[in-house]
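The values are calculated or read from the model by the stated rules, or taken from the named source; none is laboratory data. Note that this is a predicted model, so its numbers are computed, not measured. Virtual Cβ from ideal backbone geometry, glycine too; neighbours counted across all protein chains shown. Surface areas here come from the heavy atoms of the whole protein model, side chains and all, with no ligands, DNA or RNA. Shrake-Rupley method; radii C 1.70, N 1.55, O 1.52, S 1.80 Å.
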Amino acid sequence: MEPTEAEVLDEFGRRLVDKGAWRQAITLAAAGELTARWLEGESHYQAATFTPTYDAETAPIAAGLAALNRNGLFTKESQPGLREEETAQRQYVTGFCSAETAADLLALSTRSDLVTVAHAPGESSSAAIPVTLDGGEVVTVLGSSENPVDEEQIQDWADETNDTLALLLADSWYVEILDPVWGRNDVLLPAVLEALTAGQ
């Protein structure tokens, strides 16, 4: 008898067999590897992303994001730079990392025009740096910490992954790196990768 869709997929269409791998991921490196596989189309489950695959605008930067995930930055959100009639986007990437990696990425802001915002573990900060405009209206901002801080946030991550990784994320640094130039796409990801791999 063939398994039903409910036995194969969760309510968001993500493959439950791929979720099983997240139950075993207890390091940032393991979470980064699973994220890279998702970006490469090998997995249909990404923790805290409630869709089996990424959206179309991520396709051109997926390979670059996979490289970041394999080199010390477990990415959470990103977008490419874009300039169209009514819409403008700054390219950015956010993610979880160690204190040493956060320091390396913060230093990136001292030798380039890229902007890094680093949030310490447990920090509940909020700012508003515009990164997406639609018809002149700000629709996306960066500057807020995304570390799971309270018990409910930690439990949400534990439900998506496992208890060990959820607690590790609570103790990790959260960084946001953005390109201040609207629409530019060829600077941020290579510079972040260089910063991640410089000491390896």
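Structure notes:
- Per residue, the accessible area of region 42-158 comes to 48 Å² when a 1.4 Å probe rolls over the protein heavy atoms.
- Normalised contact order of the chain, rounded percent, pairs of Cα under 8 Å and 6 or more residues apart: 24
- For region 26-74, averaging the sequence separation of C-alpha pairs within contact (under 8 Å, six or more residues apart) and dividing by the residue count gives a relative contact order of 54 percent.
- Across region 57-135, the relative contact order, built from alpha-carbon pairs under 8 Å that are at least six residues apart, equals 26 percent.
- Summary of packing: across the peptides 169-180, 119-130, 27-38, the per-residue average of other C-beta atoms within 10 Å ranks them, highest first, as 169-180, 27-38, 119-130.
- Rounded, prolate or oblate (a/c below 1.5 giving rounded, otherwise prolate when a/b exceeds b/c) for region 1-77 by Cα gyration tensor: oblate
- Computed in the context of the full set of protein chains, the accessible area of region 67-200 at 1.4 Å probe radius has 48% of its extent on carbon or sulfur.
- Distant-in-sequence amide contacts of LEU9, defined by a placed amide H-H separation under 5 Å and a gap of 5 or more residues or a different chain, comprise LEU16.
- Local net charge near LEU28, Cβ-Cβ under 13 Å (Lys/Arg +1, Asp/Glu -1): -1
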